[in-house]
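J.: The structure under discussion is supplied below as structure tokens; questions concerning it will follow.
Every number in this text was worked out from the coordinates using simple rules, so none of it is lab data. Computed from a predicted model, the values in this text were never measured in an experiment. Cβ placement follows ideal geometry from the backbone for every residue including glycine, while neighbour counts extend to all protein chains displayed.
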6 protein chains.
Amino acid sequence: MMKKGNGGYKVLDRYFEELEVGMRAVSRGRTITEADIVNFAAFSGDWYPLHTDREFAAGTMFGRRIAHGMLVMSVATGLVPMKPGVVVAFYGMDKVRFTAPTFIGDTLRVEAELIEKQDKGAFGVITVRQEIKNQRNEVCSTAILKAAINKKPQ
Amino acid sequence: MMKKGNGGYKVLDRYFEELEVGMRAVSRGRTITEADIVNFAAFSGDWYPLHTDREFAAGTMFGRRIAHGMLVMSVATGLVPMKPGVVVAFYGMDKVRFTAPTFIGDTLRVEAELIEKQDKGAFGVITVRQEIKNQRNEVCSTAILKAAINKKPQ
Amino acid sequence: MMKKGNGGYKVLDRYFEELEVGMRAVSRGRTITEADIVNFAAFSGDWYPLHTDREFAAGTMFGRRIAHGMLVMSVATGLVPMKPGVVVAFYGMDKVRFTAPTFIGDTLRVEAELIEKQDKGAFGVITVRQEIKNQRNEVCSTAILKAAINKKPQ
Amino acid sequence: MMKKGNGGYKVLDRYFEELEVGMRAVSRGRTITEADIVNFAAFSGDWYPLHTDREFAAGTMFGRRIAHGMLVMSVATGLVPMKPGVVVAFYGMDKVRFTAPTFIGDTLRVEAELIEKQDKGAFGVITVRQEIKNQRNEVCSTAILKAAINKKPQ
Amino acid sequence: MMKKGNGGYKVLDRYFEELEVGMRAVSRGRTITEADIVNFAAFSGDWYPLHTDREFAAGTMFGRRIAHGMLVMSVATGLVPMKPGVVVAFYGMDKVRFTAPTFIGDTLRVEAELIEKQDKGAFGVITVRQEIKNQRNEVCSTAILKAAINKKPQ
Amino acid sequence: MMKKGNGGYKVLDRYFEELEVGMRAVSRGRTITEADIVNFAAFSGDWYPLHTDREFAAGTMFGRRIAHGMLVMSVATGLVPMKPGVVVAFYGMDKVRFTAPTFIGDTLRVEAELIEKQDKGAFGVITVRQEIKNQRNEVCSTAILKAAINKKPQ
């Protein structure tokens, strides 16, 4: 975690003892394409026409198709690489909010900050505040994530 | 919403005025296959080896590959069909917890209960408690979802 | 079947006794994207260049790539949701005709009319006339479909 | 068309003048996997539980999941390669029947016979009887296909 | 191999005895779409931002996203159909070079020349020089491929 | 590059000046599933029956379906993460050999060694020997890769 490179940082890339509250991370970016929306509709089975029907979407307050909220959350998990052996399990999420739409062609990145760590003995639990931003620096989604993290192998 | 059929119910299939707190719904089922895990790893970019490396997963406390938490949440959105024109927007999620692993071959369904409705004038906001269960009736994930719902066209 | 909503109807959503000749249905829409054509070529293995080679397609009477006929038929099956437990089996199709090309960006919907029902004792067989139309209301494909439908559970 | 090789033949690989009524063809085979059924459900949006819910399918007369009829028809189009420039357009299908289920692991091939040719002046129309068979030589689907075929470039 | 049709040729479609050094082949074309780049990034797990981040790519010497080199090589294998029973195994590649970028919308074809054949007794080995060209006739990739080829069944 | 973690290393994760001949890397693993073979056949268009027809493959010297050579090479590119901004371009490959088949269920990892670096002034070129191994430690593929690497931003 928190290793510099390309003007950014990576999160969840260290053992529990090496992580400190306040550490921040920025991911690489990924452009959300029309193909991504089609592929996510297909995978999830969620063909709600706001995402998949150009005519219908034109008549909504967004004026065009937008990405599924869960697409945005799923893409975020892949933008934040996790070192094998470090993460034990993904506990859950709180306060997931969709604060701005993602349109076809927008490029998303994840910014994260470690806001809490709890030592549970054999392992630790970390709490991360995650923001997903687009290329206009709008925050598209905010969430609080919790994961169990291994301690360093002795 | 809440229309009987096939021993089950459907959620989010009615306008705001027609929905009542306490209404319950059960979705159809979907078997989570090895292909689903591969396809979700591919889509999201999350190749964490607990999901995608059989040898690595054999050495974890799960003993074999498990589905991504976000895969389970994404599949759930497709199991609960939404009538076009009814849902305005998906607001967000709270208290998302992953309470049991999903293995290859498990069949998931969504059970939902409307726990709150708020009239916002032009539209309404509903709060739904969602449980994702497998064929052994284990609860794999719980969450609270919020969405904005249209009122009946006059 | 035939339940109103969003200015449209749904087909094949009722038991045999509840269906009547003359009932009509209209599906939601789905925009056919370049990604859909690529994905269908990939799935089916049909890379005929009229669908997948922009230079070749420019030299045909269509002037650009068109969707596969079978893509259009496959998408139609997903636009008409079937209630689990109602449909026993899909028998077949007759008089399938491709009457207008589907271009990238067109939005398709299915319109269907129940034109015959036959009681077979334990179950029934229905015959449906299906039209697939685009956003310009052109009929892209017509077909006659037959399916076996369950009677109401007693 | 009709070129020997690997104990089989290929169809629709010749110009109109070179085709003769009675010519027969056999395609290569393709094993239908669980991934294919998942991918077709995803592409088409048809998640009917007979195809995608192992528990539900176990309670039907088939006893397990079966491939979608339209999956079988789509795969067939890719098994019969068409030479670019030969086929003008796919007209349609008649008498499409699903005569035996396709289970996960079955291997399908297409057998075809040219049963009619009509000279339309600038081009020709051919009628082909298609059978889709599995590795047990059961006929899974029969259909009559019509296509417009180019004449030889002069 | 080397059968005329559509102004082109096909490679690797004959038994070892029927192949001669100097035979040339040209494949059909395939347009590389944005969906192809997304799908290949997903399949391979290679999300390097030159391929998948529009903002990042705009700042490179290419000015926009380009296809992965391995995408181009993979597509080439599908453009050159191999007759079942003819090819025993694909040995390997030498001198694979990426000589020009492939942009979204480019249409690729494969041109190949048989440059060596070696009789190994029970089977033969052929060496093919492969060029992948786009619609501007730029060479995007060159490579030398080797494969083991069956002799004619007696 | 060469950062320890999980008993392994990563390659191509440093600027040119930080790389040294002799540095070695080991990737995470990825299990090659039946879905991967289906998805790669679909993407590439290479449905050669040794990869996709269970009956045909049973009659070959491998006795069952094997993964495409190019699938293995493509997966390898995703196993070796590259830091954005470090890699300028992928030059090419030499001496690519497929030395052992990959069966469904095998788990592949990449081992790499930096064997040469050349300073080109504005950037550098590195040469890497890559081995792809399975869970039985068999070498499935060997290759020599060349890439242009950025120097450290000043």
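J.: Can you list the residues, at least 5 places off or on another chain, whose amide H is less than 5 Å from the amide H of F:Thr33, using H built in the peptide plane?
T.: F:Gly105
J.: Give the long-range amide H neighbours of B:Gly45: residues separated by 5 or more places, or on another chain, with amide H under 5 Å away, using H modelled in the peptide plane at 1.01 Å from N.
T.: Amide H to amide H, under 5 Å and 5 or more residues apart or across chains, B:Gly45 pairs with nothing.
J.: Report the percentage of all Cα-Cα pairs in chain A whose separation exceeds 22 Å, rounded to a whole percent.
T.: 45
J.: Between segment B:38-98 and segment E:93-154, how far is it from one alpha carbon centroid to the other, in angstrom?
T.: 40
J.: Place the label 7 angstrom along Cα→C-beta at C:Arg97 and in each other copy, then list the distances from the first to the rest in nm, shortest first.
T.: Spacings between copies for this position, smallest first, are 2.3, 5.7, 5.7, 6.0, 6.2 nm.
J.: Could you work out the local net charge near A:Thr99, counting Lys and Arg as +1, Asp and Glu as -1, over the other residues with Cβ closer than 12 Å to its Cβ?
T.: +1
J.: Go ahead and estimate [θ] at 222 nm for chain B from helices alone: -39,500 (n - 2.57) per DSSP H run with n ≥ 4, summed, over the residue count, rounded to 500.
T.: -5500 deg cm²/dmol, from helical runs alone.
J.: Which angle between 0 and 90 degrees, to the nearest 10, do you get for helix B:69-79 versus the longest principal axis of chain B when only C-alpha atoms count?
T.: 40
J.: Sticking with this structure for a sec: Under a Cβ-Cβ cut-off of 13 Å, what is the net charge of the residues other than A:Tyr48 that fall near it, where Lys and Arg count +1 and Asp and Glu count -1?
T.: Its environment carries a net charge of +1.
J.: If exposed GluC sites (Glu not before Pro) are those in a DSSP loop with at most 13 other Cβ within 10 Å, what is the longest stretch of chain D that has none?
T.: Longest site-free region, per DSSP loop and neighbour criteria: D:21-137.
J.: Can you tally the lysine pairs in chain D where the Cα-Cα distance is under 19 Å and the two residues are eight or more apart, or on different chains?
T.: Qualifying lysine pairs in chain D: 24.
J.: Calculate the mean, over all residues of peptide B:95-108, of how many other protein chain Cβ atoms lie within 10 angstrom of the residue's Cβ.
T.: The mean count of partner-chain Cβ atoms within 10 Å per residue comes to 3.
J.: Counting Lys and Arg as +1 and Asp and Glu as -1, what is the net charge of the other residues whose Cβ lies under 12 Å from the Cβ of F:Gly59?
T.: Result for the neighbourhood of F:Gly59: +1.
J.: Kindly provide the Kirkwood hydrodynamic radius of segment C:98-154 in Å, to one decimal, from all pairs of distinct alpha carbon atoms.
T.: 13.0
J.: Just to confirm the filter: which trypsin sites (Lys or Arg not before Pro) across segment E:84-154 are DSSP coil and have at most 10 other Cβ within 10 angstrom of their Cβ?
T.: Within segment E:84-154, the qualifying trypsin sites (Lys or Arg not before Pro) (loop, at most 10 other Cβ atoms within 10 Å) are E:Arg136.
J.: To confirm my reading of the symmetry, which residue of chain D has the Cβ nearest the axis that brings D onto E, and what whole-Å distance does it have?
T.: Axis relating chain D to chain E; nearest Cβ residue and distance: D:Pro81, 3.
J.: Be a star and scan segment A:71-115 for residues whose amide nitrogen sits under 12 Å from the point 7 Å along the Cα-to-Cβ vector of A:Val139.
T.: Only A:96-100, A:111-113 pass the distance filter.
J.: While we're on this one: B:Val88's amide H: which non-local residues (gap 5+, or another chain) put their own amide H closer than 5 Å, with H modeled 1.01 Å from N in plane and none for Pro or chain starts?
T.: Hits under the 5 Å cutoff: B:Ala148, B:Ile149, B:Asn150.
J.: Also, quick follow-up: Please determine, in degrees from 0 to 90 and to the nearest 10, the orientation of helix E:34-44 with respect to the longest principal axis defined by the Cα atoms of chain E, where the helix direction is its Cα long axis.
T.: That works out to roughly 70 degrees.
J.: While we're on this one: For segment C:60-145, just the Cα atoms, rotate onto the principal axes and tell me the three extents in Å, largest first.
T.: Principal extents (Cα only, largest first): 52, 23, 19 Å.
J.: Using the Kirkwood formula on the Cα atoms of the protein assembly as shown, what hydrodynamic radius do you get, in angstrom to one decimal?
T.: 28.7
J.: Be a star and scan segment D:132-154 for residues whose amide nitrogen sits under 14 Å from the point 7 Å along the Cα-to-Cβ vector of D:Glu17.
T.: Under cut-off, by backbone N: D:150-154.
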